[in-house]
Every structure is written in structure tokens, then in C-alpha cells.
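Working notes for the structure below.
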């Protein structure tokens, strides 16, 4: 820590407590002391519930709901914020300290044009005239690399993408040249390919303006790119503070070490040996040319809104297919089609060679039993009024007619299988942690003794350390039970760790299908390359080196009817070909790619060849 | 989208005309019976029915009536032999005066109280407003009206018990005539509007964008009026429209209690004499007014919402 000059932010012994329904105060943040020097970016990192956002908001003199600052001092740019009356705080907020929220989509008022909201801080503080403010805003839009900077302000929030809104929110925070900007998980809600663009824009603007910032995040790799120092929080207390390199490479606390380990690239699990099968056996599950969507079906069998456009794949017994793609790529719909929750408009799903009915109510009990779905969000997937034992027991009775002591014994065995103590059977979901809930969710699916588990983003809502443990459990279970998984995720790192085969979806179409080995190989669809190159790595300087040569243009425009869906974002597309014809599917060793360039063309494309995947 | 709403309203109005006509058929008895009384001979009844076209099949009578409505010819009252429009015009004006005054008093007051309660959520004032609205909404309007008459007219002699006077020569007269009916109606109508306004504004105040605006240093007044209120307009306008349509029903009871010479009284009288053309027309007026209110609320909500406007 530099000792030269006065720090811009100084928290000393900060304590924040929340008043519960009984009027009792409970301390949620205690004894926080930290400083931020002018021009420095400090990252607050921790899991959900670690108090990172609460601490960051205290630097605006703000506490949410029933929280209040119950001890210590908060000093920002020479102002004592704790205990300052609301009217005085109002004069500082947006002028001296400003805030970039986690979800700009929610933080922009949907009823007002963007420009009016962006310049509002400058106007309410009487800092400049409307004309000057609008000019300045357009300058910031340009600095943040927003498309159409001169007119984007006339739009309404629903008319621009999430990544753009996040940058517009940064412009709003910077319009008053505040002494301090709080970034509260500003890229967490974005797809990786969008996140990298937004991070680059933030970093450039923070560097050029010399902004002092506090950056709240749970993602160590993101923080490594943008911060100078890191403060690790847990349960409302500081675990460790230090320069980025110290935290990443010389962590002193066990907890920090676990965080770093969870953020590091996983070592792929050893591949599963093939299960014995006859040569003529059909695959466990096979999808053929499935088209699915919403709205009525036209004469050609195409739905009005097409979500999946001709998807085919097969999963053998005991194998794992990873499905990867950004939000809106149709991953979840794919799982819903297999589960029978979304009937396809055309195409077939076969189980052991027999075609399954599209709708779940037409499938027989045995078919239902063999395919089980694990939902993304265990919080909402578990009925809060049903005990853990009952939640796991119901499928036991339904599928296997188990009752009484038999059922109890089986529930205990399943809890043991997901590494939970038997005592949990009597608890309600509300009494469990996020990781425990997800394990119960998993045990409930296993109770049916399925052959195929559809795992839809099962680790996305969990904190990194917990997600890591759940992933390890899934790998073990597969080994113990010989289960096949369809593993849906947006995180290519997870796919690398668990999948035997990977399908990359873009705009509802598989652009690449690759075996585990082929995925590590050099040749990929441009979108796969972009995905791989966009995953932040745990080393400072990655962001600057990250090559975005695979992409031009940011907003996903997968709406056009003909041609390659990736056309608008592809840096090596061939206009006149790629935007007219659907790409042919090229088959290579353990790999198929839907790209007009083919394997030879992809190899020849110079920038792609150089833009090596960071090892 | 707006065209769709208006088209939907017109279609509904047409269906309603069918329902209104069918209901009037179901009422049993007809104007001939009502006019001639108990001692009518069958021959006299038949003659009168023929003269009134009551002997035609009902679908013919419906088409004739609908055609007349579309041409603006509301028919002739079976009882008084006067054109329905002549009977209706002064009564409609009187009812509109009553409803208009009530709306003019209740809507701004309700919005003000609703927003105030939302901003001061959890305060003594908020709880007082909540209690009062629940209390008022759970008492039927005829009880309120009767109590008011008891207190202000019978005990205190401040106001006349009946509002049938049409003498508006001074402001004093106007106040004397309208105070009690308007107050009564306002009580009924406001409670709902206050509660809906409070809920909508509370929702908006809890949102992320209001928190974000607060963290920009936006002062409270602008926070409520500039950020929260635009988002609450949709629900509020709908609550206002629904409440004002309650006025239509409330008007009947209130006009009868205060002997106020409005459309609703006319309708009640027409029902007792089986004056079908009059009943049908008044019913259609009530229906059209209701649809107009609800449809315009939808249109306002669409126009105020950029997500619906820019599609």
C-alpha cells in the first residue's frame, strides 16, 4: 500500500447491522477498515452474503432496507458520510461518488429515454447546462465504444442490449467527473463474449480519466484484469487485502487459496472408459433434426419464432454431452425438448432407438423415469413447504412404489450419495445453503434411477467454491452410477472439465460438435474460438492481450432467415456467401463444423491462426 | 395496437347490444300489459301490441332497434310517446354533471392521497389513510348516503335532503344541491383509487431504477414524480377507469336516494313501466360509457409506455 498522500476513501472499523422483524439488531458487516488511494481501483471480492455490496454502498452513505451503519466511519473525498443527513448525502451522491449497478437493465427507468437519465446527475446537481451535458455524454458514449454514440441516447432502455446498457450506465456514473465510482458486479449478468467488450471499455475509460474506483465482484479472473488491489471478504469481515499479484500468486489465507483454486482452470477429469455395448445398439438418446419454437406452425412445419433450427446429436450410455452457448442460443429449450416439456415442431427424439412422444403426458412412466431434469435454480425448483426427505421420497414412491421404512432407507442412501448427512431429511429447503439445496435437487433426480440426467446450468447460481464441489460430485456420480449427462452451461471451462463431447449452439443451430480431444485442437468454428478467447484468465494483463479478432460487431443479430447465424459477428465471413446460404457441415476427426470456410478455409484464415487460444 | 383495442371495444359493444336486448325480453310482461293494467281484455292487448310492433318476432325488433341506434334514432318511449332522445337529453346532462363533479373532486384527491401514502409508507399518515379507505369501501353507498342525510339534513339542517332542485342561480345553490351526492359517490370511488395508486407507486419506489436514481442524488420530489410515477401510470389509469365505472352503478342508488333527476332515475322508472326502448337505450349508454372508460385507460397506458409504443 502506498503511503504517499491522503487516501480518497477511508473506512475505519465500519459496522453495519440489520434490524429483523423482532426489532433485534444483527451485525452483518463488522470491523471493516480499508483505504483507496486516488487513481486506484480496489476490488471487493467475496461470495454472496459476504457483505461486499453492502460495504460498497456504504461509500455512498447508503444502506438498503432495514440496514444501517451502526459503527465506525466512512470517509470519501474528505466528507464523513456516516451519520450525514439525507439532504447532505444527496448533494454528494452522483457528484462525488457514483454507482454502476449489477443489472443496468433494471437500473435504467424503462419509461424514460436514455439520454435524459444519463445526464440527470449533472442536471440535478446543477453542474452544467443540458446542452453541455448531452455533448459530454456523447463523448463518453464514444469513449466507451458504444455503437451509434450520437443517437443511442434517444433510445429507450428496452431498445438496446444488456452489454450496451451496462456501458451507458457507466457513462451516467462518469458524467459528473466523480471522485469515486462504485462498480457493483457490472458484468456478472452478461455473456462472456459481451463481458470482454464491456470490461475493455471500462478499463480504457478508467485509465484515461484516472478514475478512482471500487469494483465489486465474485469473479477473481475479472477482478484480476481491472483492479490494482483486492480485498477478500467473507461473512462481513475482511479476510485479506493486497495487490492483485499478492492475492493471486501468494494468498496467505486458506479461504483466499480456495477462491484462487476455484477460479483457476480445471484439470479435465479422466475420460470414462466406454461401457460395454453391442455394435448394433442404438445410442441412449438421439435427436434428429429437431426444430422447436413458439407460435403457430406454418405449412413447412416451421414455428413463428424459431428457437432451435435443426439440431441433431446422440449421447451414448454413460457419456457426457456438453451443450454450450450464450443466453438465447436455445440451450434450455433443447433440454426441455428432451424432457418432453416443449414439444418440437418437427424432428424426433429417440430413447434407445424408440421415438419419444413430444409431450410429456404422452410418454410412459418408464420413459419418464429414465430421463430426469435438474433445474438451474434449486431455490425455485424445491417446494419451500416440502421437507427434503419428502421431496426425495416422492419420486421413490411414484417410480418404485417404495413406502415406509424402505423409502426412508433409500432417502438416506441418496442423501449419502450426494454427500449430505441423513439428518437433513427432516429439514425444509429454506434451512439449507445454496450448495446443499442443489445437492438435494440432484438427489431428487437420482431417486428415479435415471439413465440420463439433463443438467441445466446446475452450477451457475452457486458461488465458485461451492460450484466446484458440486461439479466434482457430478463427476464422481457419473463414475459410480454410469450415468449419461446432457450438461448445459455457458461456461466453457466447465464443459472442458466434464464433457466427452461438446456441442456449441449459436442462434439455435449447432455450429460445432467436437469430441473432448478435438475441443483442445487448433481448428474451430469462429464462434467457438470467440467463446474460448473470451473466458477471463486468472492473470493480470490477459484483457489487453485477449484477441478479439474473431468478432466484429457486438449485438447478437441471429434473427435473419437465411445464411450463417454468426455472419454479423464473424470477422472472417464472406459476404455474398455466408449471409445467403446456410453453411454446409464439414466433418473432421472427432469434429463437425458448420462453416462455409471448411477446415481448410479456417486453417488458412490468417488472423484466426494467429489468435491462438491462450494456453 | 390501439386500433386493436378500439376494434375490440366496438365488438364488445355490439355483443352487449344483443345481451341488453335479450335481457329486456327476459324481463317478462310488456308495455301493453303495464299500460292497460289488470283489467285489460285480450283483444285490447293484441291491438295495442300490434300498434307498438310488439307482435313482431324478436329478431326483427332487434334489427329495427339496432338500425335506429346506428342512425341516431333512439326510438319513441312506449309510455309517454315522446322520442327517447327528448326524454334522455336533460337527464343525461344532469347525470353527467353529477359524475363529472364527482370525478373532478375524487380523482385528484385520490391520486394525491395515494401517492402521499406510498411516499410515507409505514407512517401514521399511511396507516390512517389505509384504515379510512378500508372502512369506507366496506360500507355500502346507501348506508353512507342515508347517514349523511340523517346528519346534514335532518339533524343539522345544513343541506336539503333532496337534490331535485334545478335552480343554479348562485354558487350557493350549486353547493347545496351537489354536496351530498358528490361526497357520497366520491367516498365509494376514491377508496379503490387510493389503494391502487399507493400499491403502484410503492412498487415503483422499490425498484432498482429508483434506487439507482436515488444514488444519483435525485431529490425526493423528482424521484417520485419523475421516476416512480411514470411507471405507475398504467395501473393507476386502469384503477381510475374502473373506479369511475363504479360511479355508473353508484349513480343509480345515489340518484334514487337523493331524488336526483338523472339518467339512472329515468332507468328505474322505465323498468317499472316496461318501457323497453327507454330501458334499452339507457342500458346501452351505461355500457358504452363503461367501455369508453376502460378502453381509454388501456390507450393511455399504451401511449405512456415506450415498450408498447415503439413496437
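The values are calculated or read from the model by the stated rules, or taken from the named source; none is laboratory data. As the structure is a computational prediction, the values presented were derived from the model and not from experiment. All Cβ positions, even for glycine, are placed from backbone atoms using ideal geometry, and neighbour counts span all protein chains on display.
Considering A:78, A:51, A:65, A:72, which residue is within 13 Å of chain B (Cβ to nearest Cβ) and at positive phi?
Answer to the check: A:65.
I'd like to verify a number: residues in the range A:496-525 that are touching a strand residue (DSSP E or B) at 6+ places or on another chain (Cβ under 7 Å) and assigned to a strand (DSSP E or B), how many?
Total meeting the criteria: 12.
If I filter the range B:62-100 down to residues being in a loop (DSSP other than H, G, I, E, B) and in contact with a helix residue (DSSP H, G or I) (Cβ under 9 Å, 6 or more places away or on another chain), which single residue comes out as surrounded by the fewest Cβ atoms within 10 Å (Cβ to Cβ)?
By that ranking, first place goes to B:72.
Which is within 14 Å of chain B (Cβ to nearest Cβ), modelled with pLDDT under 95 and either surrounded by fewer than 22 Cβ atoms within 10 Å (Cβ to Cβ) or not in a loop (DSSP other than H, G, I, E, B) (or both), of A:127, A:140?
Every option except A:127 fails the conditions.
Quick one: is residue A:150 in a loop (DSSP other than H, G, I, E, B), closer than 24 Å to residue A:197 by Cβ and over 30 Å from the mean Cα position of the chain (by Cα)?
When the stated conditions are applied, residue A:150 passes them.
What is the one condition in (1) assigned to a strand (DSSP E or B); (2) farther than 26 Å from residue A:441 by Cα; (3) touching a helix residue (DSSP H, G or I) at 6+ places or on another chain (Cβ under 6 Å) that residue A:536 does not satisfy?
Condition not satisfied by residue A:536: (1).
With the requirement that a residue be part of a loop (DSSP other than H, G, I, E, B) and at the interface with chain B (Cβ under 9 Å from one of its Cβ atoms), what does the range A:98-123 give you?
Correct list: A:101, A:102, A:103, A:108, A:109, A:110, A:111, A:112, A:113.
Out of (1) at pLDDT 85 or above; (2) within 18 Å of the chain's Cα centre (by Cα); (3) in a helix (DSSP H, G or I), what's the single condition that is false for residue A:197?
Status for residue A:197: all satisfied but (1).
Only one of B:249, B:234 is within 30 Å of residue A:100 (Cβ to Cβ) and either at pLDDT below 90 or away from every other protein chain (no Cβ under 14 Å) (or both); which?
B:234
Given the criterion within 17 Å of the chain's Cα centre (by Cα) and closer than 16 Å to residue B:183 by Cβ, identify the matching residue among B:237, B:251.
B:251
What number of residues in the range A:156-189 are part of a helix (DSSP H, G or I), buried (at least 23 other Cβ atoms within 10 Å of the Cβ) and away from every other protein chain (no Cβ under 13 Å)?
Number satisfying all stated conditions: 3.
Identify, by number, the condition in (1) outside any loop (DSSP other than H, G, I, E, B); (2) closer than 25 Å to residue A:192 by Cβ that residue A:423 doesn't meet.
(2)
What is the one condition in (1) assigned to a loop (DSSP other than H, G, I, E, B); (2) within 20 Å of residue A:318 (Cβ to Cβ) that residue A:461 does not satisfy?
Looking at each condition in turn, residue A:461 falls short on (2).
Looking at (1) at pLDDT below 90; (2) surrounded by fewer than 18 Cβ atoms within 10 Å (Cβ to Cβ); (3) closer than 24 Å to residue A:65 by Cα, find the lone condition where residue A:18 falls short.
Unmet for residue A:18, out of (1) at pLDDT below 90; (2) surrounded by fewer than 18 Cβ atoms within 10 Å (Cβ to Cβ); (3) closer than 24 Å to residue A:65 by Cα: (2).
Please verify whether residue B:204 is closer than 30 Å to residue A:122 by Cα, without any contact (Cβ under 8 Å) to a residue 24 or more places away in the chain and either surrounded by 20 or more Cβ atoms within 10 Å (Cβ to Cβ) or more than 13 Å from chain A (Cβ to nearest Cβ) (or both), treating the condition exactly as stated.
no
Checking residue A:95 against (1) assigned to a loop (DSSP other than H, G, I, E, B); (2) at the interface with chain B (Cβ under 8 Å from one of its Cβ atoms); (3) under 30 Å from residue B:301 (Cβ atoms): exactly one of these is not met. Which one?
The one condition residue A:95 does not meet is (3).
Are any of the residues in the range B:299-306 touching a helix residue (DSSP H, G or I) at 6+ places or on another chain (Cβ under 6 Å), surrounded by 21 or more Cβ atoms within 10 Å (Cβ to Cβ), touching a residue at least 40 places away in the same chain (Cβ under 8 Å) and away from chain A (no Cβ under 14 Å)?
No, there is no match, as no residue in the range B:299-306 is touching a helix residue (DSSP H, G or I) at 6+ places or on another chain (Cβ under 6 Å), surrounded by 21 or more Cβ atoms within 10 Å (Cβ to Cβ), touching a residue at least 40 places away in the same chain (Cβ under 8 Å) and away from chain A (no Cβ under 14 Å).
So, residue B:161, is that one in contact with a helix residue (DSSP H, G or I) (Cβ under 8 Å, 6 or more places away or on another chain) and either within 30 Å of residue A:88 (Cα to Cα) or within 14 Å of chain A (Cβ to nearest Cβ) (or both) or not?
Taking the combined requirement at face value, the residue does not satisfy it.
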